[in-house]
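Novice: Here it is, the structure in full.
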Amino acid sequence: MTDPDLKVYPILLAGGTGTRLWPVSRELYPKQLVKFVGEDSLLQATIKRLSPVLNPENVKVVCGEQHFHETARQIENIGLTPQAKLICEPSGRNTAPAILLAVLHILAIDKDAVLCIFPADHVIQDLDGFHDRLSAAIALANDGHIVTFGIQPHYPETGYGYVECGKTVDHDARVLKRFVEKPDLATAQKYIKTGNFFWNSGMFAFKASVILSEFKSHQLELLKKMKSIFKVDKPIARKDYDQLSDISIDYAIMEKTAKGVVLPSDFGWSDIGSWKSLYDFLEKDTNNNVIDGDVIAQDTRGCLILGHDRLIATNRLRDMVVVETADSVFVSDLEHSRDVKSIVTDLKGQQRREHQQHRSAHHPWGISKLLEHKDNYAATELTVYPGSSLKLPAQTNTVYHLFILKGQAKFIAGSEDKTLGSGEAITWRAEEPARIENTAKTELSLIQLELKNQVDN
């Protein structure tokens, strides 16, 4: 436990898109919101493991506008009130602006607090070890150090950046010498042999006042621009935020500060940055497979197979990844699975929707799942949260059919105001907008059929 008189704020960075985990992770539903490990999303798990060292009620989550409502919902689903916990970025400008934005929010309420920075999409296996290192990091930060968690490398990983350390200081921390980019295999092997290099975890701890001073010294222009557009109680316009430097905290501050220390850590950490790293992290079966979903794996070994909507059958597969979603299937050898990022780039170039969203889309009111779509016909399954409502826009030459699967719906269109229960349906022409309300305490589920070009004879 930390000093009860010391105010510490966990800051979660939840603005990433996780393109290396496509097709499950997508721009509008990135990996931090996905349940890869256990019953919680990566975001929810990150919050839960803060306790008992840190109070989850003090958490601040920096997220993008398009993920704001789903992030708030997931926070609420683990028993926390989302109000005042979310800090919204109008656009992604890398980690330095995101962290600086959080720092200004904290300084507005507490001038001498310690901030602990965590990516919201990492996993940690050894909670006791994590809590021990977290307590040490907070103590170091309170003494004026800028702490980065350096992960003990157990093999020459080429997918991570590294930090090089110097002499030992308090709490077994070591002086930060430099950050280095992702190395090739030979270089990574050399790093491991020296014993002075650790994986760069992207996790930090520092006093808000100390990091602000470092921004003044090393990133004054960024600080001035951020202060000019920052308001505690007002959102920042995207056009203003887009003018900020797109720069990581490593480049902006950590490579320049004289206050940096590395806290050697070994608590079963992974950034889940690829399908290969997810496979390495998860427990294997007797055939060294990781399998989830409706899967028949015949003579299959060393594979990661994830199914969601359909049966997957494999035969004589070795060291492969197969990931199925409602609209896409990704197949690759495990070793090169991180190359899926280039496929996402191709999808963007082709202006295909699959890089951005699933057939299931998350909204403030609930979830819509596209079942089928043709030129004049669309079938969508809608899930409406208790107490929420959605609007159906007016459309010429269009007929809507609604069929209630579960729950109770209040349908309002013009002069019509009708309550529908399970098994009931309604049809109307969409010359004027309509509203569907879930007035019950349970989720509302319904099928929406949209028929276009329906002209009266």
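Novice: What are the residues in segment 224-254 that are surrounded by 16 or more Cβ atoms within 10 Å (Cβ to Cβ), charged (D, E, K, R) and closer than 30 Å to residue 174 by Cα, if any?
Specialist: Hit for segment 224-254 is 250, nothing else.
Novice: Every residue in segment 140-166 that is in contact with a Leu (Cβ under 9 Å, 6 or more places away or on another chain) and free of Cβ contacts under 8 Å to residues at least 60 places away in the same chain, please.
Specialist: 156, 158, 164, 166
Novice: Take the residues of segment 178-203 that are β-branched (Val, Ile, Thr) and outside any strand (DSSP E or B): which is farthest from the chain's Cα centre (by Cα)? Working first, answer last.
Specialist: So the first thing to find is which residues in segment 178-203 are β-branched (Val, Ile, Thr), and the list is 180, 187, 192, 194.
Now restrict to residues that are outside any strand (DSSP E or B): 187, 192, 194.
On the way: 187: 31, 192: 30, 194: 34 Å.
Going through the qualifying residues, I end up with 194.
Novice: Something else: In segment 321-341, which residues are assigned to a helix (DSSP H, G or I) and either in the same structural domain as residue 378 (by TED's automatic domain parsing) or more than 14 Å from residue 26 (Cα to Cα) (or both)?
Specialist: Scanning segment 321-341 gives 334, 335, 336, 337, 338, 339.
Novice: Further question on the same structure: Filter segment 416-457 for residues that are at pLDDT below 90, under 26 Å from residue 373 (Cβ atoms), part of a strand (DSSP E or B) and not hydrophobic (A, V, I, L, M, F, W, C) and give the result.
Specialist: Residues satisfying the conditions are 429, 452.
Novice: List the number of the failed condition for residue 290; all other conditions in (1) at pLDDT 95 or above; (2) under 25 Å from residue 60 (Cα atoms) hold.
Specialist: (2)
Novice: Further question: Looking only at helices (runs of 4 or more DSSP H) that fall completely inside segment 1-110, which ones have 1 or more residues that are basic (Lys, Arg) and out of contact with any His (no Cβ under 7 Å at 6 or more places or on another chain)?
Specialist: Per the criteria, 42-48, 68-77.
Novice: Next question, about the same structure. Looking at (1) surrounded by 15 or more Cβ atoms within 10 Å (Cβ to Cβ); (2) at pLDDT below 95; (3) closer than 26 Å to residue 215 by Cβ, find the lone condition where residue 183 falls short.
Specialist: Unmet condition: (3).
Novice: I would also like to ask the following. Of the residues 31, 35, 60, which single one is modelled with pLDDT of 95 or more and either in contact with a Gly (Cβ under 9 Å, 6 or more places away or on another chain) or basic (Lys, Arg) (or both)?
Specialist: Exactly one residue qualifies, and that residue is 60.
Novice: Another question, if that's okay. What are the residues in segment 308-342 that are among the charged types (D, E, K, R) and within 23 Å of the chain's Cα centre (by Cα), if any?
Specialist: 309, 324, 327, 338, 339, 341
Novice: Do we find that residue 344 is in a strand (DSSP E or B), surrounded by 13 or more Cβ atoms within 10 Å (Cβ to Cβ), outside the structural domain of residue 447 (by TED's automatic domain parsing) and β-branched (Val, Ile, Thr) in this structure?
Specialist: No.
Novice: Out of the residues in segment 204-214 meeting the condition of being part of a helix (DSSP H, G or I) and not β-branched (Val, Ile, Thr), tell me which one is surrounded by the fewest Cβ atoms within 10 Å (Cβ to Cβ).
Specialist: Among residues in segment 204-214 that are part of a helix (DSSP H, G or I) and not β-branched (Val, Ile, Thr), the one surrounded by the fewest Cβ atoms within 10 Å (Cβ to Cβ) is 213.
Novice: Restricting to segment 283-301, name every residue that is over 14 Å from residue 315 (Cα atoms) and surrounded by fewer than 17 Cβ atoms within 10 Å (Cβ to Cβ).
Specialist: Residues satisfying the conditions are 283, 284, 285, 286, 288, 292, 293, 294.
Novice: Within the group 98, 136, 120, which residue is over 22 Å from the mean Cα position of the chain (by Cα), among the hydrophobic types (A, V, I, L, M, F, W, C) and at pLDDT 95 or above?
Specialist: 136
Novice: Further question on the same structure: Only one of these is closer than 30 Å to residue 200 by Cβ, of a type in the set (D, E, K, R) and within 22 Å of the chain's Cα centre (by Cα): 276, 284. Name it. Reasoning before the result, please.
Specialist: Details: 284 fails: within 22 Å of the chain's Cα centre (by Cα).
Step by step, each of 276, 284 is checked, and only 276 is closer than 30 Å to residue 200 by Cβ, of a type in the set (D, E, K, R) and within 22 Å of the chain's Cα centre (by Cα).
The values are calculated or read from the model by the stated rules, or taken from the named source; none is laboratory data. Note that the structure is predicted; figures quoted are calculated from it, not measured. FYI the Cβ positions are ideal-geometry reconstructions off the backbone, even for glycines, and counts take in every protein chain you see.
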